[in-house]
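Participant: Supplied in structure tokens, the structure appears directly below.
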Amino acid sequence: MRDVSSTGQGPSRRLVTAGAVGVAVTALAGCGIRLEDDAPRVPLVPTRSPIEGEDALLRLLAAVQAAAVAPADPKQRISPLLAPLHQRQARVLHDALRQRGVPEDQLSLPSTPPSASTSAGPSTSSSPSPSPSTAPATLVAVERSVVTAGAGCALAEVELRPTLLALLGQAHAALEIATLEPDPAPDVPAVWSTPAALAPLVTALRSATYLLEVAAARSPQPARRAGLEGIGRLGRLTAELVTATGDAAPAPELGRALPRRVTTPAEAASLAKEAMTTLLATFGSALAPLSERDADSAFTAVPRWLGTVAAQTHRHGVPLAPFPGLA
């Protein structure tokens with residue numbers, strides 16, 4: 001029997017080996033396997049393409065991770081409440097990016113030590129946390145850094161946008177609680193392709209404001225004064241939304257029915273809390289449709305609007321949430 005490898009008949013061992021590698025590479029490429037950014041270049045295997053808005057999302061993640069370990073601001077009563085919120089935000093955002101193929105080494109601040117959660121697959125544990133900082137930082141500076149880091153997140157994929165808007169809304173809420181004033185509206189207002197989409201928010205604001213007025217009228221003086229201040233904040237927000245809605249803005253209703261009788265301060269407080277909880281949920285339900293149609297406008301205006309509502313909801317006894325308005 002002749003050795004076919006020595007006579008040129010049939011494929012050589014080198015060709016068989018090369019063919020096997022080629023089949024494997026093709027199979028990997030066909031299955032969508034992607035290399036990490038710093039992996040050696042392998043012919044025929046595609047390198048990883050950044051996800052939409054990746055740079056902005058990494059900046060936001062870094063800001064939230066830093067906020068999660070920032071020292072508490074002794075001058076702000078709400079400061080100790082914020083670290084757990086930022087820790088939750090960091091975990092959610094970290095895992096969302098990891099599941100979309102962003103390499104683990106890009107999801108941690110440089111000072112972060114190796115974590116047991118690092119793996120080749122999607123992370124299901126806590127996101128890596130940076131080492132606690134000893135540099136003093138006010139609550140306003142920390143939350144402002146999160147707000148600033150949100151620039152560019154309108155480029156993120158549609159599915160992520162409501163979560164990002166809610167996260168930024170939480171930072172605006174903390175700022176408003178700390179400073180007692182919302183951020184001013186931008187000099188150039190957001191432009192909406194479908195202004196009528198804002199109409200439900202106008203209606204919800206007016207309904208909540210009416211219930212808060214009833215609650216304030218049946219509250220003792222200190223609570224009444226605080227309630228009227230909150231009503232003023234919501235009134236300014238309503239006016240801004242009416243302007244943004246334009247001709248599609250609904251006409252004010254002349255009267256509304258109360259959900260139940262309100263005769264005592266306790267019943268008034270319960271009504272106000274219920275009204276703000278409902279209003280916050282309404283804003284939360286609008287995050288997806290608004291950011292899908294007009295991402296740039298949504299990221300320009302909605303976090304500030306949501307922050308005002310979340311701050312007022314907190315003033316009526318509802319705990320702050322990492323993603324206000326979202327379940």
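The values are calculated or read from the model by the stated rules, or taken from the named source; none is laboratory data. The shown structure was predicted, so the numbers you read here are calculated from the model rather than taken from an experiment. So basically every Cβ, Gly included, is an ideal-geometry build from the backbone, and we count neighbours across all protein chains shown. Calculation scope for accessible area: heavy atoms of the full protein, side chains included, ligands and nucleic acids excluded. Shrake-Rupley method; radii C 1.70, N 1.55, O 1.52, S 1.80 Å.
Participant: For residue 246, all conditions in the list (1) on the phi < 0 side of the Ramachandran plot; (2) modelled with pLDDT of 95 or more hold save one; what is the number of the exception?
Facilitator: Result: residue 246 passes all but (1).
Participant: Restricting attention to segment 182-225, which residues are within 21 Å of residue 170 (Cα to Cα) and open to solvent by 40 Å² or more (accessible area, probe 1.4 Å)?
Facilitator: Of everything in segment 182-225, those that are within 21 Å of residue 170 (Cα to Cα) and open to solvent by 40 Å² or more (accessible area, probe 1.4 Å) turn out to be 182, 184, 185, 186.
Participant: Turning to a different aspect of this structure: Can you list residue pairs whose Cβ atoms sit under 6 Å apart, with the first residue in segment 71-98 being under 18 Å from residue 314 (Cα atoms) and in contact (Cβ under 8 Å) with a residue 40 or more places away in the chain and the second being open to solvent by 60 Å² or more (accessible area, probe 1.4 Å) and in a loop (DSSP other than H, G, I, E, B)? Count only pairs 6 or more apart in sequence or on different chains.
Facilitator: 79/72
Participant: Within segment 162-192, track down each residue that is among the charged types (D, E, K, R) and either in a helix (DSSP H, G or I) or within 16 Å of residue 63 (Cα to Cα) (or both). Don't jump to the end; show me each part of the working.
Facilitator: First pass over segment 162-192, keeping only residues among the charged types (D, E, K, R): 176, 181, 183, 187.
Answer for segment 162-192, where residues must be among the charged types (D, E, K, R) and either in a helix (DSSP H, G or I) or within 16 Å of residue 63 (Cα to Cα) (or both): just 176.
Participant: Restrict the check to segment 193-207 and report whether at least one residue is closer than 30 Å to residue 92 by Cα, aliphatic (A, V, I, L, M), touching a Ser or Thr at 6+ places or on another chain (Cβ under 8 Å) and not in a helix (DSSP H, G or I). If you could, list the steps in order and put the result at the bottom.
Facilitator: Narrowing segment 193-207 to residues closer than 30 Å to residue 92 by Cα: 197-198, 200-201, 204-205.
Still in the running and aliphatic (A, V, I, L, M): 197-198, 201, 204-205.
Subsequent filtering for residues that are touching a Ser or Thr at 6+ places or on another chain (Cβ under 8 Å) retains 198, 201, 204-205.
Narrowing the set further to residues that are not in a helix (DSSP H, G or I) leaves none.
No, because not a single residue in segment 193-207 is closer than 30 Å to residue 92 by Cα, aliphatic (A, V, I, L, M), touching a Ser or Thr at 6+ places or on another chain (Cβ under 8 Å) and not in a helix (DSSP H, G or I).
Participant: Ok, one more. Just for segment 243-271: of the residues that are out of contact with any Leu (no Cβ under 9 Å at 6 or more places or on another chain) and among the β-branched types (Val, Ile, Thr), which one is least open to solvent (accessible area, probe 1.4 Å)?
Facilitator: Selected residue: 264.
Participant: Something else: Working only within segment 258-286, note down all residues that are of a type in the set (A, V, I, L, M) and in a helix (DSSP H, G or I).
Facilitator: 266, 268, 269, 271, 272, 275, 276, 279, 280, 281, 286
Participant: Continuing with the same structure: Taking the condition touching a helix residue (DSSP H, G or I) at 6+ places or on another chain (Cβ under 8 Å), more than 22 Å from residue 260 (Cα to Cα) and part of a helix (DSSP H, G or I), does residue 241 pass?
Facilitator: Details: touching a helix residue (DSSP H, G or I) at 6+ places or on another chain (Cβ under 8 Å): yes; more than 22 Å from residue 260 (Cα to Cα): yes; part of a helix (DSSP H, G or I): yes.
Considered against the rule, which asks whether it is touching a helix residue (DSSP H, G or I) at 6+ places or on another chain (Cβ under 8 Å), more than 22 Å from residue 260 (Cα to Cα) and part of a helix (DSSP H, G or I), residue 241 comes out as yes.
Participant: Tell me yes or no: at least one residue of segment 272-292 is within 20 Å of residue 171 (Cβ to Cβ), touching a residue at least 40 places away in the same chain (Cβ under 8 Å) and open to solvent by 50 Å² or more (accessible area, probe 1.4 Å). Reasoning before the result, please.
Facilitator: Step one: list which residues in segment 272-292 are within 20 Å of residue 171 (Cβ to Cβ), which gives 276, 279-281, 283-284, 286-288, 290-291.
So of that shortlist, the ones also touching a residue at least 40 places away in the same chain (Cβ under 8 Å) come out as 276, 279-281, 283-284, 286-288, 290-291.
If we keep only those that are open to solvent by 50 Å² or more (accessible area, probe 1.4 Å) too, we end up with 281.
Yes, segment 272-292 has at least one match.
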